[in-house]
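Asks: There's a structure below that I have some questions on.
The values are calculated or read from the model by the stated rules, or taken from the named source; none is laboratory data. Remember, predicted model here, so these are calculated numbers, not experimental data. With ideal geometry, Cβ positions are generated from the backbone for all residues, glycine too; neighbour counts draw on all protein chains shown.
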Amino acid sequence: MTTLIDTALLDAVCAEAAASPRRRKNHNLHESDDAAAHRLLNAVQPDSYIAPHRHLDPAKAETFVVLRGLMGLLIFDDAGNIVAAQKLGAGETATGVLGADIPAGIWHAAVALQPDTVILEAKAGPYRPLAAAERAPWAPAEDAPEAAVYLASLRARFGV
C-alpha cells in the first residue's frame, strides 16, 4: 500500500509527539522491526531529549532530512566535546541545509529547535536497541534527572 507523506500525516504524528511523555513519536513506513531498510517519520518537540549515541554496525549509517521545522544536529568526539553543530531546516525555516548522512560510529544527537519538527529518517534494519558501547558515557541517559539541563545546554549551542 502506498503511503502519502502529506500535511495531514505530519500533523497527526506531531499531535502524537506532543501527547507523548517522551515528546517525540515515530511513524514507521517499514513493515516490521526486522525489515532490512528502516524508513520512518520522527516528529520531535523541543523538550524531547535524544541522548547522544552512535551506531557501531558498519551498515547502520543514518540519513535524515527535515520535512518540517528546524533541527539542530550535533557531532561529538569520543570525549563528548562538540566538534560540529549544524541547523537543518525546511520550509519557512530553510537554512540551506535540509538533512545529513551520518556514518556509522559517529557520536551524534539531534535537538528540535521548533515545535512540531519532523524528519524523514532512513537506516539499515533490523531494529536493535542501542548497546552499551553505543550510548555516550559522558551524557545523561534519557530518563536521568540531569537530562533536562543537558538538553538545555545542547539547545543553547543554537541560540535557543
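Asks: How many of the residues in region 107-123 are part of a strand (DSSP E or B) and closer than 16 Å to H27 by Cα?
Replies: 7
Asks: Okay, next question. For region 68-82, enumerate the residues that are surrounded by fewer than 21 Cβ atoms within 10 Å (Cβ to Cβ) and either more than 27 Å from P115 (Cα to Cα) or not hydrophobic (A, V, I, L, M, F, W, C) (or both).
Replies: Within region 68-82, D77, D78, A79, G80, N81 meet the criteria.
Asks: Consider region 143-158. How many of its residues are surrounded by 13 or more Cβ atoms within 10 Å (Cβ to Cβ) and modelled with pLDDT under 95?
Replies: 0
Asks: Restricting attention to region 112-160, which residues are under 23 Å from A36 (Cα atoms) and among the hydroxyl-bearing types (S, T, Y)?
Replies: Residue satisfying the conditions is Y127 alone.
Asks: Name the one entry in A79, A100 that is part of a strand (DSSP E or B), free of Cβ contacts under 8 Å to residues at least 60 places away in the same chain and closer than 24 Å to A131 by Cβ.
Replies: Result: A100 is the single residue among A79, A100 that is part of a strand (DSSP E or B), free of Cβ contacts under 8 Å to residues at least 60 places away in the same chain and closer than 24 Å to A131 by Cβ.
Asks: Pairs under 6 Å by beta carbon, first residue farther than 24 Å from Q114 by Cβ in region 136-157, partner of a type outside the set (S, T, Y) and surrounded by fewer than 13 Cβ atoms within 10 Å (Cβ to Cβ), six or more apart or different chains?
Replies: As it stands, the answer is W138/G80, since those pairs meet every condition given.
Asks: Condition check: crowded, with 20+ Cβ neighbours inside 10 Å, among the small types (G, A, S) and within 30 Å of D34 (Cα to Cα). Does A109 satisfy that?
Replies: Yes: the conditions hold for A109.
Asks: Quick one: would you say A59 is within 15 Å of the chain's Cα centre (by Cα) and either under 20 Å from G99 (Cα atoms) or assigned to a loop (DSSP other than H, G, I, E, B) (or both)? Write out each step before concluding.
Replies: Details: within 15 Å of the chain's Cα centre (by Cα): no; either under 20 Å from G99 (Cα atoms) or assigned to a loop (DSSP other than H, G, I, E, B) (or both): yes.
Answer is no for this residue.
Asks: Here's a check for you: in region 1-31, which residue that is without any contact (Cβ under 8 Å) to a residue 24 or more places away in the chain and part of a loop (DSSP other than H, G, I, E, B) is surrounded by the most Cβ atoms within 10 Å (Cβ to Cβ)?
Replies: S20
Asks: Under the condition of being more than 12 Å from the chain's Cα centre (by Cα) and part of a strand (DSSP E or B), which residue from region 86-97 is surrounded by the most Cβ atoms within 10 Å (Cβ to Cβ)?
Replies: To start, the set of residues in region 86-97 that are more than 12 Å from the chain's Cα centre (by Cα) comprises 86-87, 89-97.
Those still in the list that are part of a strand (DSSP E or B) too: 86-87, 89.
On the way: Q86: 13, K87: 18, G89: 21.
Only one residue fits best here, namely G89.
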